[in-house]
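In what follows, a structure is listed as C-alpha cells, so that the remarks can point back to it.
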Amino acid sequence: MKLVVFGASGRIGTELVRQGVAAGHAITAVVREGSSLQVALPELRLVAARAGVTGALADVVTADVMDPHAIAPILEGHDAVLSVLGPRPSGASSVLTDGAHSILQAMDESGVRRFLVVSVAGIHSTGDDPFTKYVVKPILQRILRESFADARRMEELVVASELDWTIVCPPRLTNGAAKGKFRSNTEGTVRGGFSMTRADVATYLLNAVDNAGLIRQTVVISN
C-alpha cells in the first residue's frame, strides 16, 4: 500500500517507516521544518533488501501538518494516512487537535478516506478495575490534564468525520524491543495493560490499515 505517515520523525513514526518499508509498503514520511527522519534512507534500503523488497519504498517530505492546503497534495494517490503526532517541546496543548483538524480537511480535499490516529488509553475507563478507575486514572487526569484534554478533543473531531477512521489508544509507551504480541479491545480498556512498546504500536497500526473490522472504531491496545 501507499501510506502517509505524519509524525515520522518521532519514535513511533520511525518504527512505522522502518516496519512499513520491510513489509513492502511505499511510505511518504512527513516531517516538519527543522526535523529529519531518524532512520537513514540507506538503512531503509538495507531493511528492504533483507526483506526481499524492491522498488520505491520511502519518500521524505517537509511540510507543516497544521496547513491543510500544503499537505493535501501530498496525500493524493495514497491508500491511507497514519498520524502519530505527539506533544511538541514547547508544551503546546492542542497539537493533537489542531493536527487532526488539518489532516481531516486535507483528506477531504485529496479524496483519501482511510485514517488511523494514535490517541491515549488514559482517557478511557470503561472496563477498568476499581483501583485503576477510581485511583490511578484520576491521578493521571490531574497530572496530564492538558494533554488528556487535547486527546479527547482530537477523538471527538475524528469520530465526527465521515472518513474511514480508526483511533488507536496505547497506554504508557516504552522504548523496549518489540514483543510481537498485543491485546486489544474495541469495547473498553485492556485490563492490566499498563505499558506497550512503541515498536508494537507501529506493528499494530500497520496491521490495522486494511482491517475492515476496525473502521470507525476506537481501540485500546496494550502488550
Q. Counting DSSP beta bridges in the chain, what percent are antiparallel, to the nearest 5?
A. 10
(Q) If you count only protein heavy atoms and use a 1.4 Å probe, how large is the accessible surface of L104, to the nearest 10 Å²? (A) 20
Q: Output the Cα-based Rg and Dmax of region 92-172 in Å, rounding Rg to one decimal and Dmax to a whole number.
A: 14.1, 45
Q: Take the Cβ-Cβ distance between N175 and S93 as r, set R0 to 22 Å, and report the resulting FRET efficiency rounded to the nearest 0.05.
A: 0.35
Q) What do you get for Rg/Rh of region 99-223 when both radii come from the Cα atoms and Rh is the Kirkwood radius? A) 0.97
**Q.** Distance in nm between pseudo-label sites at E33 and V159 (7 Å out along the Cβ direction from Cα)
**A.** 3.6
Q) Modelled label-to-label distance, A212 and T126, 7 Å Cα→beta-carbon offset: nm? A) 2.4
Q | Extension reserve of the A23-R145 stretch, reckoned as 0.36 nm per residue once the Cα distance is removed | A | 40.2 nm
Q: Hey, could you get me the Stokes-Einstein D for the chain, Kirkwood radius over alpha-carbon pairs, 4 °C and 1.567 mPa s, rounded to whole µm² s⁻¹?
A: 73
Q: Identify all aspartates and glutamates with a Cα-Cα distance to K179 below 12 Å; exclude those on the same chain that are fewer than 8 residues away in sequence.
A: D200
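The values are calculated or read from the model by the stated rules, or taken from the named source; none is laboratory data. Since this is a predicted model, take the numbers as computed values, not measurements. When we count neighbours, we look across all protein chains shown, and the Cβ atoms used for this are built from the backbone with ideal geometry, even at glycine. Just the protein is used for accessible areas: all its heavy atoms, side chains included, with ligands, DNA and RNA removed. Shrake-Rupley method; radii C 1.70, N 1.55, O 1.52, S 1.80 Å.
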